[in-house]
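Here the structure comes first, spelled out in C-alpha cells, and everything after it is commentary.
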Amino acid sequence: MSTATYEVLAITQEQLNVFAAFMGGLVVVLALIWAVRVGMRVMDKDVHHPSPEEQPKMPEGGPVREELEVREPDEVVAAEDGRRLMPYELHQSSTRTGKDQSRKRWAPGSSGGFGSGGPGHV
C-alpha cells in the first residue's frame with residue numbers, strides 16, 4: 001500500500017470525536033434498555049396484581065352523587081372553668097352546615113381585588 005492509501009484511510013480528530021460520541025450514546029441507550037428490563041422483571045415478581053373479583057365495584061344504590069352545601073364556621077366556645085381547650089375537646093370539623101343554603105351571587109360593584117384595577121368594595 002502506498003502513502004496515499006494510508007492518507008485516505010486515516011481518521012481525523014473530528015471523525016474520532018463523532019465516533020466516540022456515538023459509542024457513548026449507544027452505551028447509554030443499552031444501559032437504559034437493560035434497566036427497564038430489570039425493572040419489569042422485578043415488578044412481575046413483587047407486585048400482586050388484583051384479580052377481577054378484587055376490583056372495586058359500584059355501590060348497590062348506584063353511583064354516588066355530589067352534594068353541594070353552604071358551610072359556615074363553627075364557633076369555638078371557651079371551657080366553663082376558664083381553662084384552655086384541649087384538642088380532644090374540639091369538634092371533628094371546624095365548619096357546620098349553614099342555616100342559609102342559597103348560593104351567594106355576585107353583586108355589582110363588589111368585585112375587584114387588590115391590584116386588579118377594579119374599584120373594590122364601594
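The values are calculated or read from the model by the stated rules, or taken from the named source; none is laboratory data. For clarity, every value in this text was computed on a predicted model and none was experimentally measured. Every residue, glycine as well, gets a Cβ built from its backbone with ideal geometry; the counts of neighbours run over all protein chains shown. Heads up: the accessible areas ignore ligands, DNA and RNA and are worked out on the full protein's heavy atoms, side chains in. Shrake-Rupley method; radii C 1.70, N 1.55, O 1.52, S 1.80 Å.
The residues D46, D100, sorted by heavy-atom accessible surface at 1.4 Å with ligands and nucleic acids left out, run D46, D100 from largest to smallest. Applying 0.36 nm per residue to the separation of I11 and E80 and subtracting their alpha-carbon distance, the gain on full extension is 15.5 nm. With the simple spin-label model, which puts each label point 7 Å out from Cα in the Cβ direction, the D100 to S51 separation comes to 5.7 nm. The H on the amide N of V70, modeled in the peptide plane, is under 5 Å from the matching H of G98, each at least 5 residues off or on a different chain.
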